[in-house]
Amino acid sequence: MTYDYDLYVIGAGSGGVRLARKMAHKGMRVAIAEQDAFGGTCVNKGCVPKKLLSYASIEASRHIVAQSYGVCSESPRVAWETLRDAVNKEVQRLNGLYRQLLITHSVDIHQGHAHLTSPHHVRITQQQEQQQTTYTSKHIVIATGSFPYKPPIDGIDHAYTSDDMFTLPTLPQRIAIIGGGYIAVEFACILCGLGVDVVLIHRGPRILSAFDEALGTALSHAMRLKSIDVLCSSSVTQIKKQGKGYQLKRIHAPDTHVDAVLCATGRLPLTQDLGLEDVGVRTNDKGAILVNDMYQSAVPSIYAIGDCIDHMNLTPVAIAQAERLVSHFTQSAQQSNAIDYDAIPTAVFSTPPIATIGLSEQQAHARQKPIRTCTQRYTPLKYSLTAKSDVHTSLIKAIINSDDHNIIGLHMIGLDAPEIMQGFAVAFRMGMTLNDLHRTIGIHPTSAEEWVTLDKP
Ligand code: NDP
């Protein structure tokens, strides 16, 4: 059978775009379908605009440290409309860049909703004209990403999700954030820095439950010192409109009154209405597409990468999966290795920020690893003149296999943690030991040097 394309990619996010343009560069006939903006969640409603807002919130709070150096300035005021519009302008620029990248690499772009009608057929419906066209392809890769999940709380429709946070007409004076994961803590810190009164309501005993316990504990402490109301072991049962604001009912706790609510309770794979069941692609109970080591679904011609397979939902992971598929499809002599999900560095852009790689102490215990841990707290020199120095207390923690002294987890909260940890992630992948850290000469005076003096007798 002859096909219209060698590869049809559904979804032009980070993973889909990387795969499409690399395959086209290698001479394959490639098309990509997108029903929304190019660049996916990362560019449009995630990493990029979030980090820009985070920079803004840090700038808005900088006067506190500046004053400790005798640099006197008035407490700054954030012009939300200016900030929002500047961020959205940058997002639009990146959209255009992604689209142009595909055009430059001769990838055919189909704007519309994709639906599988057979293992080799994709039907595209153009939203406005309701016009349908069906294409054939030897391989199809689904890279549709994920969407924010809202739990079944009475009145949850009143709550924003992270998708809405980049286009708010005005900033609320007081907001309740439901959740205690990446998005909840990042937006709590961003909004607090922009001058919003924040209450974070988390169902579990500590925020960032998926991270090493020391990080969640240290961040809660820092957030409370910044006047963020962190309420743990607390569940919202109802959100009720009251005047211009909202009343939140909680179990065995007083009501909370706010101007806005943000629901940050996880994301689900965006796999509905793709025709997966009809063609035999299997999914799990969350809707994630089930794939083998090479991202191949139950249907041999159909693959899936990124958030829609729910392995580890991070942009660089989707890109690494795309790269692995490129070498698979092109049978490159230099096959890229399977991704080691235990060695993926990740950061939370809270203030202070967090970065981590490898196992947490709790995960190491669960896997019955013989371990010892080294933890160090320090105040970065930059903040030594600042009165409220506790907010700036940093923490590093290493999890060490006590049999072979290999480091199996590194965790950091504090100034520049994500920038510092990227380099350590390389050493981690190379199998560094505590002795390797000790044999390394520090760069003085820095925060990063704390790692090479960690637990040094
Ligand atoms: P997370 O999985 O990080 O956190 C979800 C939070 O919601 C948890 O605290 C969880 O509680 C809570 N929760 C889940 N269900 C309910 C419920 N029914 N009622 C109340 N609370 C609930 O998801 P996020 O939404 O924060 O982020 C989604 C994903 O996006 C992340 O997992 C990450 O992959 C990615 N991301 C990455 C970022 C980065 O790299 N910096 C930034 C933002 C997002 P519990 O802990 O008890 O399960």
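Helices (runs of 4 or more DSSP H) wholly in region 399-457 with at least 1 residues that are of a type in the set (Phe, Trp, Tyr), touching a helix residue (DSSP H, G or I) at 6+ places or on another chain (Cβ under 8 Å) and over 18 Å from residue 344 (Cα atoms) - which ones?
In region 399-457, 449-452 are the helices (runs of 4 or more DSSP H) which contain 1 or more residues that are of a type in the set (Phe, Trp, Tyr), touching a helix residue (DSSP H, G or I) at 6+ places or on another chain (Cβ under 8 Å) and over 18 Å from residue 344 (Cα atoms).
Does residue 265 fit the bill of being within 30 Å of residue 207 (Cβ to Cβ), within 13 Å of the ligand (Cβ to nearest atom), in contact (Cβ under 8 Å) with a residue 12 or more places away in the chain and polar (S, T, N, Q)?
In short, yes.
Would you mind telling me which numbered condition in (1) of a type in the set (A, V, I, L, M); (2) within 22 Å of residue 434 (Cα to Cα); (3) within 16 Å of the ligand (Cβ to nearest atom); (4) out of contact with any helix residue (DSSP H, G or I) (no Cβ under 8 Å at 6 or more places or on another chain) residue 364 fails?
That leaves (3) as the condition not met.
Considering only region 209-227, state which residues are more than 20 Å from the chain's Cα centre (by Cα) and among the acidic types (Asp, Glu).
Answer for region 209-227, where residues must be more than 20 Å from the chain's Cα centre (by Cα) and among the acidic types (Asp, Glu): there is none.
Could you say whether any residue in region 360-370 is buried (at least 17 other Cβ atoms within 10 Å of the Cβ) and assigned to a strand (DSSP E or B)?
The answer is no, given that none of the residues of region 360-370 is buried (at least 17 other Cβ atoms within 10 Å of the Cβ) and assigned to a strand (DSSP E or B).
Looking only at region 157-182, which residues are in contact (Cβ under 8 Å) with a residue 12 or more places away in the chain, assigned to a loop (DSSP other than H, G, I, E, B) and over 20 Å from residue 231 (Cα atoms)?
Result: 165, 166, 167, 168, 170, 171.
Test residue 274 against the stated conditions and say whether it is under 18 Å from residue 40 (Cα atoms), at pLDDT 95 or above and over 23 Å from the mean Cα position of the chain (by Cα).
yes
Please specify each residue of region 318-359 satisfying the condition of being surrounded by fewer than 22 Cβ atoms within 10 Å (Cβ to Cβ) and either in a helix (DSSP H, G or I) or charged (D, E, K, R) (or both).
Scanning region 318-359 gives 319, 320, 323, 324, 326, 327, 328, 329, 340, 341, 342, 343.
Could you list, in sequence order, the residues of region 183-198 that are of a type in the set (Val, Ile, Thr) and either within 16 Å of the ligand (Cβ to nearest atom) or in a helix (DSSP H, G or I) (or both)?
Passing the criteria: 183, 185, 190, 198.
Spot the failing condition for residue 305; the list is (1) in contact with a Lys or Arg (Cβ under 9 Å, 6 or more places away or on another chain); (2) surrounded by fewer than 20 Cβ atoms within 10 Å (Cβ to Cβ), and only one is missed.
(2)
In region 209-267, which residues are of a type in the set (D, E, K, R) and assigned to a loop (DSSP other than H, G, I, E, B)? Write out each step before concluding.
Going through region 209-267, the residues of a type in the set (D, E, K, R) turn out to be 212-213, 224, 226, 229, 240-241, 244, 249-250, 255, 259, 267.
Result: 212, 226, 244, 259.
What number of residues within region 199-215 are within 15 Å of the ligand (Cβ to nearest atom) and either closer than 15 Å to residue 260 by Cα or touching a strand residue (DSSP E or B) at 6+ places or on another chain (Cβ under 9 Å) (or both)?
The number of residues fulfilling the criteria is 10.
Name the residue, out of 154, 164, that is of a type in the set (D, E, K, R), within 16 Å of the ligand (Cβ to nearest atom) and more than 28 Å from residue 92 (Cα to Cα).
Exactly one of 154, 164 is of a type in the set (D, E, K, R), within 16 Å of the ligand (Cβ to nearest atom) and more than 28 Å from residue 92 (Cα to Cα), namely 154.
Say whether the condition of being surrounded by 21 or more Cβ atoms within 10 Å (Cβ to Cβ) and either of a type in the set (Lys, Arg) or outside any loop (DSSP other than H, G, I, E, B) (or both) is met by at least one residue in region 126-137.
yes
Take the residues in region 371-398 that are under 27 Å from residue 351 (Cα atoms) and basic (Lys, Arg); name whichever of them is surrounded by the most Cβ atoms within 10 Å (Cβ to Cβ).
Residues of region 371-398 under 27 Å from residue 351 (Cα atoms): 373-398.
This time we only want the ones that are basic (Lys, Arg), so: 377, 382, 388, 397.
Values: 377: 14, 382: 15, 388: 12, 397: 23.
Within region 371-398, the match that is surrounded by the most Cβ atoms within 10 Å (Cβ to Cβ) is 397.
Within region 2-49, restricting attention to residues that are within 21 Å of residue 80 (Cβ to Cβ) and surrounded by fewer than 21 Cβ atoms within 10 Å (Cβ to Cβ), which residue is nearest to the ligand (Cβ to nearest atom)?
47
The values are calculated or read from the model by the stated rules, or taken from the named source; none is laboratory data. All of these numbers come straight from a predicted model, not from anything done at the bench. FYI the Cβ positions are ideal-geometry reconstructions off the backbone, even for glycines, and counts take in every protein chain you see.
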